[in-house]
1. Test residue B:246 against the criterion of being more than 14 Å from chain A (Cβ to nearest Cβ), modelled with pLDDT under 90 and surrounded by 13 or more Cβ atoms within 10 Å (Cβ to Cβ), and give yes or no.
2. Every residue in segment B:46-57 that is crowded, with 16+ Cβ neighbours inside 10 Å and over 17 Å from residue B:105 (Cα atoms), please.
3. Starting from residues that are hydrophobic (A, V, I, L, M, F, W, C) and farther than 24 Å from residue B:82 by Cα, keep the ones in segment A:1-34 and report whichever is surrounded by the fewest Cβ atoms within 10 Å (Cβ to Cβ).
4. Collect the residues in segment B:214-236 that are within 14 Å of chain A (Cβ to nearest Cβ) and aromatic (Phe, Trp, Tyr), keeping them in residue-number order.
5. Limited to segment A:12-24, what total is found for residues that are away from chain B (no Cβ under 14 Å) and under 13 Å from residue A:51 (Cβ atoms)?
6. For segment B:187-210, how many residues are surrounded by fewer than 13 Cβ atoms within 10 Å (Cβ to Cβ) and either within 23 Å of residue B:169 (Cα to Cα) or charged (D, E, K, R) (or both)?
7. For segment B:73-100, name all the residues that are within 23 Å of residue B:220 (Cα to Cα), over 14 Å from the mean Cα position of the chain (by Cα) and part of a helix (DSSP H, G or I).
8. Take the residues in segment B:101-143 that are in a helix (DSSP H, G or I) and among the charged types (D, E, K, R); name whichever of them is farthest from residue B:13 (Cα to Cα).
Amino acid sequence: MKIDNNLKKLRFDRGQISQQKLANAVFVTRLTIHSIENGKFVPSTYLSLKLAKFFNVKVEEIFFLKEGK
Amino acid sequence: MKRIEKIISSIQTILGFLSLLGLSFSFYFLESIRPKMIRFETITAVEESRINIFGITLILLIAFSLVSLYKIVQYLKKVKKISFYDLILLSLAILVFLFVFGDLALISDIGKQHKHGLAQPEWFVLYPVLGFQFLSSAILTYAGLFRLRKKVKNEPVARDINIYILVQYVGAVCGFLGLSFTILNFGFPRPLWMIKTHITATSIFLLIPYLLVVLFWFIVKIKEKPKQWYDEKQIQEMGRSSLFTLLSSVIVVSFLFVLNFNSLEQLLSVLWFPFYIFLTLFLFCGANLWFSFKD
């Protein structure tokens, strides 16, 4: 199982928020947001909670487990 | 552009043109005394006094390369993505700075050899180095006039990534140059006293650009609020890079140790430290860059 996320979808659903704007809001670099969206980097609980707070959703609505290699 | 930035841009342009002028004069002057020096003829007092202009040119080149480095770093801080051309500019500014110390060493060797009636093969190294500095200074002056002054309109950045990437690039370049220099000393051994004299000074000069960029990064971080040195992806990357550096350096240094087991008191006793410093710097910064762009 691996962790997948809806971050990119959420960004676009909420008025096409740019990666940089989201990065500024949760105080990380743009590359970190880019890597999370591509599934290359799994964020900490702290950052996941900050992202959930920013979008006003539960963490599980952004991150979820996915079957597969 | 803030007023201070405009002033720095003008200073860079002026220093660029003065350096080009100084280098042109130096070519002319050196070429006029070279035949006399090769034939071991006495240099007149007037000719000797002209060497001061070459000295002033080297000081101008140091100032020009440092101001250019500052301008490039300021520019790269604002751009969305660091391009290959930007990296070339950065490397040129570092090399122009470092080669000034090469010029000094070469001209000093030429002077000593002329005094003692020895051949001066250094002339054939000095000219290409000066040529490279001339070309690089011209490119940097042009870039200062037409590229580095451009206003870059980007979204505000709360947490900077470019300076972090830049530190890794400069570290990788300085590490590579230092490593190459140390390996050259292994490959073409010279008298031990000569290596001892050159390696310390060269190592310090080679580390200066890296230390300057780290200092700049440090100042940026101090100003950043809320204060946090690295974001979590960078911490992960540095952890992986540290492990990679540790394993690779242990393997390489062990190999070097075994190769030189019977002559540890000689060459290796002088070169092991700069070799280790530049090897770890190159591996660590290179790995950080690799992990930054891979993920």
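1. Judged against the criteria, residue B:246 is not a match.
2. B:50
3. Among those residues, the one meeting the criterion is A:1.
4. Hits for segment B:214-236 are B:217, B:229, B:230.
5. Number of matching residues: 1.
6. Qualifying residue count for the region: 4.
7. Correct list: B:73, B:74, B:75, B:76, B:77, B:78, B:86.
8. Selected residue: B:115.
The values are calculated or read from the model by the stated rules, or taken from the named source; none is laboratory data. Given the structure is predicted, the values throughout are model-derived calculations rather than measurements. Here the Cβ is made from the backbone with ideal geometry for all residues, glycine too, and neighbour counts use every protein chain on show.
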